[in-house]
Amino acid sequence: RAWARTDGRVAALRVSRTWMWGPGIVTGPRIETYGEAPGGTRTVVYYDKTRMEITDPYADPYSLWYVTNGLLATELITGQLQIGDSAFIPRGPAPLNIAGDPNDPFAPTYASFTPLLNYGPVPTGWLVTQTVDRTSHVSDDPALGGYGVTAAVFVPETNHTVASVFWDFMNSEGTVYVDGIETTARFFENPFYATGYPLTEPYWTTVSVSGVPRRVLVQVFQRRVLTYTPDNPEGWKVEAGNVGQHYFAWRYQQ
């Protein structure tokens, strides 16, 4: 039901827009350890963009938070694999490209963003012109102000601001599928439901996409990585990174 609300319309070619979860599952339902779940385990399913979880199968299945999506980006950027509300296994930040082609030797990785966790927020209203590279080096390119992206909303919980293009996306609405009916509504009832709070500021970077260098804005949130590619077609300028794929590789294949 959570998948069908937004991505069912994309899969059915009813709309042309970015995937919220992904076109299909990366893995079928599987059991993972989680201390606070009944019996110490919970059911999860991995998608391209995230992991869906049912931590309490006895809760109200129609509640917004019955199906959650994990703090995967948090784990990838901090290197702490979470197995309970306050239980972690240290693994080290993921040396996987955060966006673009996985074999791009110059793109920033999740580990590249780790030193940026405690960087101060960009004042709201300011143009976003800061850049980052694979070595975590932060610079400034005033020419990027031409894209008109600003620091839109300050989030005190994590002391970071959300880029305007991402805030618009998090609050956007369109065609959704609810209880067998196609209607128009907000994609997410709570703007932070899918993303969580921002963990870093937004940064411009250059990544290779199908072998072609592209200028992309990247911001890491607790649950997702959002990217903005100005020259993408409408509906696809803002996308969620393949955090689900990356996390599964980091947790089970590395």
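The values are calculated or read from the model by the stated rules, or taken from the named source; none is laboratory data. Keep in mind it's a predicted model, so treat the numbers as computed, not measured. Cβ coordinates were reconstructed from backbone atoms using ideal geometry, including for glycine residues, and neighbour counts include every protein chain displayed. These area figures cover heavy atoms from the full protein model, side chains too; ligands, DNA and RNA do not enter into them. Shrake-Rupley method; radii C 1.70, N 1.55, O 1.52, S 1.80 Å.
Structural remarks
- Flag for ALA152 being among the small types (Gly, Ala, Ser), touching a Ser or Thr at 6+ places or on another chain (Cβ under 6 Å) and surrounded by 13 or more Cβ atoms within 10 Å (Cβ to Cβ): yes
- Within the option set THR206, THR175, THR227, being farther than 29 Å from PRO29 by Cα and part of a strand (DSSP E or B) holds for one residue only, THR206.
- Test: residue in region 132-148 that is open to solvent by 20 Å² or more (accessible area, probe 1.4 Å), in a strand (DSSP E or B) and aromatic (Phe, Trp, Tyr): no
- Every pair of residues 6+ apart whose Cβ atoms lie under 9 Å, when the first sits in region 94-118 and is among the acidic types (Asp, Glu) while the second is surrounded by fewer than 15 Cβ atoms within 10 Å (Cβ to Cβ) and part of a loop (DSSP other than H, G, I, E, B): ASP101/SER210; ASP101/GLY211; ASP104/GLY211
- Taking the listed residues GLU239, GLU189, GLU201, GLU173, the one that is of a type in the set (Asp, Glu) and open to solvent by less than 10 Å² (accessible area, probe 1.4 Å) is GLU201, with no other qualifying.
- Residues in region 95-131 that are open to solvent by 40 Å² or more (accessible area, probe 1.4 Å), assigned to a helix (DSSP H, G or I) and aromatic (Phe, Trp, Tyr): there are none.
- Residue check, VAL153 at pLDDT 95 or above and over 20 Å from ILE98 (Cβ atoms): yes
- Listed by position, the strands (runs of 3 or more DSSP E) enclosed by region 1-94 that each have at least 2 residues that are under 20 Å from GLN254 (Cα atoms) and open to solvent by 60 Å² or more (accessible area, probe 1.4 Å) are 30-33, 87-90.
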